[in-house]
Structure formats: C-alpha cells, structure tokens
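Here the structure comes first, spelled out in structure tokens, and everything after it is commentary.
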Amino acid sequence: MGKRTDKVFDEFAEEWRLAAMRNLGSRRIGKNNSYGATRSRKLAKSLFVKRVGGEIVAGSPLPYAKFIHYGVSGTKKKRNTPYAFTTKAPPTKPIEKWLGAKPVRLRDPKTGEFIKKTKARLKSAAFVIAQSIKKRGVPGLAYFSEAFDTMYPRFQSKIAEAIALDALDDLTDLDTPNLK
C-alpha cells in the first residue's frame with residue numbers, strides 16, 4: 001500500500017475506535033440509560049483498532065468485552081449469540097459490590113416497605129439478581145459492529161481515492177526510466 005492509503009486507513013482506524021467508544025455508555029436498554037458503561041470506563045479505554053499487515057484488527061484485551069459486544073443467552077430467553085448461561089449464574093460478589101455503591105433501596109418482600117441495607121440483605125438481593133441474569137441473559141451491545149457500519153460509508157470514497165492515487169503513482173514510477 002502507498003502513503004496515501006496508509007494515512008487514510010490509519011485515520012479510519014482511529015475514527016472507528018472513537019465511534020466504538022462513543023457507543024459504549026451511550027446506549028439505552030430499557031430503563032438503563034448507560035448500558036455497558038461503568039464509572040471507570042475501563043472497557044471503552046481498552047478498545048483498540050490497529051493495522052496488522054494489510055488488515056485492520058479491532059478488539060479489547062479485557063476478557064468480558066466479547067460478552068458485552070455479543071450478549072449472552074439466558075436459560076429461559078435465547079439471544080442470537082454464541083455465548084449462553086447454562087448451569088452457572090454470574091458471580092454474586094460483583095453484584096453485591098455494585099448494590100452497595102449504587103443508591104438502590106431494598107424493600108421488604110412482604111410489606112413493600114423500604115428496609116435498611118445490611119450485608120445479609122445485599123447478599124440475598126445479589127443472589128436474586130444473579131438468578132435473573134442467568135434466566136434472561138444479557139443483551140448484546142455490538143459497539144464495534146455499529147461503529148464500523150457508521151464510519152465505513154464516510155471513509156469509503158476516501159479509501160478508494162487514496163488507493164487509486166497510490167496506484168497511479170506506482171504506474172507513473174514504472175513509466176519513468178531510471179537515469180543513473
């Protein structure tokens with residue numbers, strides 16, 4: 001590839017990465033305004049799109065990135081994804097930590113009144129949430145695919161023009177004799 005093509009591909013890769021980062025945390029799924037986003041934005045910061053040889057490779061080194069992207073099927077609700085909960089539910093410790101940090105108010109199941117957060121109640125609520133996630137699964141976010149679908153049409157003509165101009169430069173270099 002020529003200089004122009006390399007430059008356009010690098011520009012496209014960076015814009016694709018930025019669009020994928022914007023897709024994380026800017027989604028609304030049900031009542032959740034920031035699905036897929038965390039306070040630390042660890043997943044968004046870990047995204048990469050780089051050129052390896054003649055290919056552009058996109059991904060994240062975090063092990064849970066693929067589950068956020070594709071989603072996970074539950075035991076009761078099937079989704080179009082290669083991943084599924086079968087016998088195990090998600091771990092309750094992170095859910096307990098999340099419940100402790102968020103302004104979630106627990107209710108008494110019998111009376112419906114708000115009750116104080118205690119370790120035992122948080123553990124119980126985390127277990128119930130984990131079982132619900134196991135049954136319903138997790139919807140996918142497809143942050144890289146949607147970012148590509150958004151950015152590629154914007155760069156398609158730039159890429160074609162850069163390839164054509166680089167090919168033209170290569171042809172004109174062949175026509176000129178070496179004067180040594």
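The values are calculated or read from the model by the stated rules, or taken from the named source; none is laboratory data. Given the structure is predicted, the values throughout are model-derived calculations rather than measurements. Quick reminder, even Gly has a Cβ in these numbers, built from the backbone with ideal geometry, and neighbours come from all protein chains shown. Surface accessibility is based on the protein's heavy atoms, side chains included, excluding ligands, DNA and RNA. Shrake-Rupley method; radii C 1.70, N 1.55, O 1.52, S 1.80 Å.
Of the residues Gly112, Gly71, the single one that is at positive phi and under 22 Å from the mean Cα position of the chain (by Cα) is Gly71. Contact map, the stretch 137-158: residues that are within 20 Å of Lys45 (Cβ to Cβ) paired with residues that are among the β-branched types (Val, Ile, Thr) and open to solvent by less than 80 Å² (accessible area, probe 1.4 Å), Cβ distance under 6 Å, separation 6+ or inter-chain. Pairs shown: Leu141/Ile68. With respect to the stated conditions, Ser73 fails to be open to solvent by less than 100 Å² (accessible area, probe 1.4 Å), modelled with pLDDT of 90 or more, under 20 Å from Leu141 (Cβ atoms) and in contact with a helix residue (DSSP H, G or I) (Cβ under 8 Å, 6 or more places away or on another chain). Applying a threshold of 9 Å to beta carbon distances and a minimum spacing of six or more residues, or different chains, the list of pairs starting in the stretch 66-94 at a residue that is farther than 28 Å from Arg22 by Cβ and ending at one that is surrounded by fewer than 11 Cβ atoms within 10 Å (Cβ to Cβ) and not hydrophobic (A, V, I, L, M, F, W, C) reads Thr75/Thr86; Thr75/Thr87; Ala84/Lys78.
Out of the stretch 149-160, which residues are closer than 14 Å to Asp6 by Cβ and open to solvent by 80 Å² or more (accessible area, probe 1.4 Å)?
Here is the first cut: in the stretch 149-160, the ones closer than 14 Å to Asp6 by Cβ are 155, 158-159.
Scanning the stretch 149-160 gives a single hit, Lys158.
So if I check each of Leu141, Leu122, which one is over 30 Å from Glu15 (Cα atoms), touching a strand residue (DSSP E or B) at 6+ places or on another chain (Cβ under 8 Å) and either open to solvent by less than 50 Å² (accessible area, probe 1.4 Å) or not in a helix (DSSP H, G or I) (or both)? Every option except Leu122 fails the conditions. Looking across the stretch 96-109 at every residue that is of a type in the set (Lys, Arg) and over 26 Å from the mean Cα position of the chain (by Cα), the one that is surrounded by the fewest Cβ atoms within 10 Å (Cβ to Cβ) is identified as Arg105. Among residues of the stretch 45-58 being in contact (Cβ under 8 Å) with a residue 24 or more places away in the chain and open to solvent by less than 60 Å² (accessible area, probe 1.4 Å), the one that is nearest to Arg22 (Cα to Cα) is Leu47.
Restricting the first member to the stretch 95-120 and to residues that are closer than 20 Å to Lys134 by Cβ and at pLDDT 90 or above, and the second to residues that are open to solvent by 70 Å² or more (accessible area, probe 1.4 Å) and not small (Gly, Ala, Ser), the beta-carbon pairs closer than 8 Å and six or more apart or on different chains are Glu96/Lys123.
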